[in-house]
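One structure is given here, and the rest of the page talks about it.
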Amino acid sequence: MTDSLLSITDLSVHFRLPDGEMTALDRVSLDLAPGEVLGIVGESGSGKSQLLFSLMGLLAANARVEGVALFGGQNLLALSPRALDRVRGVSVSMIFQDPMTSLNPYQRVGDQLAEGLVVHQGMGRRAAHAAAVAMLDRVRIPDAARAALRYPHEFSGGMRQRVMIAMALLVKPKLLLADEPTTALDVTIQAQVLDLMSEIARETGTAIILVTHDLGVVARLCDRVVVLYGGRIMEEGSAETMLSQPSHPYSRGLLQATPRMEAEMPPRLVTIPGTPRSGGAMLPGCPFAPRCTERIAECDRVQPPLVPQGAGRLACHLYGVQP
């Protein structure tokens, strides 16, 4: 992708543990265009959040990172903490999954939102506070002016999540990393917030990487989808294709395990057999092979390459077009 805002090549994340090394991400490569919304899906433990944390320099101290993540001509994975501080909160913002641990309990919500504008954009405090109140109103916080004077513990979990979304969007970043941003929101507010994120992305050209378990969120917001399993990309394609005709057995399993409100309720919800791959040394073959009902002998012996497949990419011995 020649006009990439973000270009990730062979990103791997390893964690040093007392009994050896665990690989959370294995040679992940992807590109993101300005204004594009990329969804990353997969079961818990597939490496979705670690991808976002590695871009923000927020991995645990026992982590080892390899690869390149080019953003604005800089490799985010190689920047010093001071250099990263000039990127985080200015060009790159993140919405964290747990809003209670991400907000300062001793500081009023309005001051926390305004701080980024004052520190990074040189805005006066009065103007920054007004901008913060306006953004709180846009994420549907009732009586935003009064709410800005409250502390995080005075909000419900869903309201705190909206505050976090407002904080991330307020600086109008070039890249927004969203880790399960709508988990704590009810369905009505979720739809409103997703529409707001989409609207701001169109207005400002902000690109979004969205980590989610909710394929309904993917359908509403995403242009393209990456399916992760065991730290590897299984499949990538347009959201329309991935939600209607996925090729990889794992992608199909995720789709089949999603209840459909418009369809008659089946006797039992379809599930993927087995349990998600646990962390550890990377084994030969496809990481999904032990759970795949369609696997062949080669799946256990040789890792399938991630190759172009139509307008996307696919890593599967059975369905992929091998080079």
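Worth pointing out:
- Here the strands (runs of 3 or more DSSP E) wholly within segment 17-109 that include at least 1 residues being more than 12 Å from the chain's Cα centre (by Cα) and touching a residue at least 12 places away in the same chain (Cβ under 8 Å) are 20-32, 63-71, 92-95.
- If you go through segment 304-319 and keep only what is open to solvent by less than 90 Å² (accessible area, probe 1.4 Å) and in contact (Cβ under 8 Å) with a residue 40 or more places away in the chain, you end up with L306, Q309, G310, G312, R313, L314, A315, C316, L318, Y319.
- Residue in segment 167-178 that is farther than 23 Å from M123 by Cβ and free of Cβ contacts under 8 Å to residues at least 40 places away in the same chain present: no
- For M135, the stated conditions hold: it is more than 12 Å from L103 (Cβ to Cβ), part of a helix (DSSP H, G or I), open to solvent by less than 20 Å² (accessible area, probe 1.4 Å) and modelled with pLDDT under 95.
- Contacts under 7 angstrom Cβ, first residue in segment 151-162 being free of Cβ contacts under 8 Å to residues at least 60 places away in the same chain and of a type in the set (A, V, I, L, M, F, W, C), partner open to solvent by less than 20 Å² (accessible area, probe 1.4 Å) and assigned to a helix (DSSP H, G or I), 6 or more apart: F155/V163
- Filtered residues of segment 114-144 (kept if touching a residue at least 40 places away in the same chain (Cβ under 8 Å) and farther than 17 Å from I200 by Cβ): H120
- The residues listed here are L17, L11, L5, L32; of these, the one that is open to solvent by less than 10 Å² (accessible area, probe 1.4 Å), among the aliphatic types (A, V, I, L, M) and out of contact with any helix residue (DSSP H, G or I) (no Cβ under 7 Å at 6 or more places or on another chain) is L32.
The values are calculated or read from the model by the stated rules, or taken from the named source; none is laboratory data. Note that this is a predicted model, so its numbers are computed, not measured. Backbone-built Cβ (ideal geometry, glycine too); neighbour counts: all protein chains shown. Heads up: the accessible areas ignore ligands, DNA and RNA and are worked out on the full protein's heavy atoms, side chains in. Shrake-Rupley method; radii C 1.70, N 1.55, O 1.52, S 1.80 Å.
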